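Written out below as structure tokens is the structure these notes cover.
Bear in mind these aren't lab numbers, they're just calculated from the coordinates by the rules spelled out. Since we're looking at a predicted model, the values are computed, not measured. Glycine also receives a Cβ, built like all others from the backbone with ideal geometry; neighbour counts cover every protein chain displayed.
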Amino acid sequence: MYIRIRPDSETPIYTQLIYQIKKGILRKELLPGEGLPSVRSLAGDIGINMHTVNKAYKLLVEEGVLTQQKKGFIVNSDTKLEIQPPHLLLYKERLEALVIDTQIFGMSEEMVEQMKQEIEATLKKDDEK
């Protein structure tokens, strides 16, 4: 799995890592039941602090995306993940922030839909590689 972290981004590194792992799962680069690199290994490979990797992994466990076992972290093997109630509010807050921005900047529903379709097409194209 290829992970791209942008240290100059305003998005915290652990958040970038979370999305890169989720993207890897969506692209089927990481399969259910598959182990992730150790915290130490991944931190060394991408040049970030081990605590940052550990934080990302732990947050993904809280969301139910990963499970933690004695030998490390694995992709949840459930075929269909369900949003856990504590995280539903977080997802709603993220969506609300996007809706606010689209309205403040006068983006039409068509523009938002086009952007959504472009993102989905990119993810699908990546999945076909």
For the range 1-83 the chymotrypsin sites (Phe, Trp or Tyr not before Pro) that pass both the DSSP coil test and the at-most-16 other-Cβ-within-10 Å test are Tyr2
Out of Gly64, Gly33, Gly47, a Gaussian network model of the chain with alpha-carbon springs under 10 Å gives the largest mean-square fluctuation to Gly47
Candidates Leu89, Leu59, Leu30; GNM for the chain (alpha-carbon contacts under 10 Å) flags as most fluctuating Leu89
Expressed in nanometres to one decimal, the distance between label points 7 Å along Cα→Cβ at Gln117 and Lys71 is 4.6
Ranked on Cβ counts within 10 Å of their own Cβ, fewest leading, Val75, Val112 go Val112, Val75
Both in Å, the radius of gyration and Dmax of the C-alpha trace of the range 85-128 are 13.2, 36
With Cα coordinates, the longest principal axis of the chain makes an angle with the long axis of helix 50-63, in degrees rounded to 10, of 70
Treating only Lys and Arg (+1) and Asp and Glu (-1) as charged, each at its beta carbon, one finds that the range 34-100 has a dipole about its Cα centre, in Debye to the nearest 20, of 260
Computed from every Cα-Cα pair in the range 13-75, P(r) in 5 Å bins starting at 0 and rounded to whole percents is 4, 20, 32, 29, 14, 1
Mean projected area (nm²) from the convex hull of Cα positions in the chain is 9.2
Taking 0.36 nm per residue of separation between Leu98 and Thr11 and subtracting their Cα-Cα distance, the length gained on full extension comes to 29.8 nm
Computed over the chain: longest principal axis from alpha-carbon atoms vs helix 85-104 long axis, angle to nearest 10 degrees, is 40
Full extension between Phe105 and Ser38 adds, at 0.36 nm per residue less the Cα distance, a length in nm of 19.9 nm
GNM of the chain, Cα pairs under 10 angstrom: of Lys23, Lys70, Lys92, the biggest fluctuation goes to Lys70
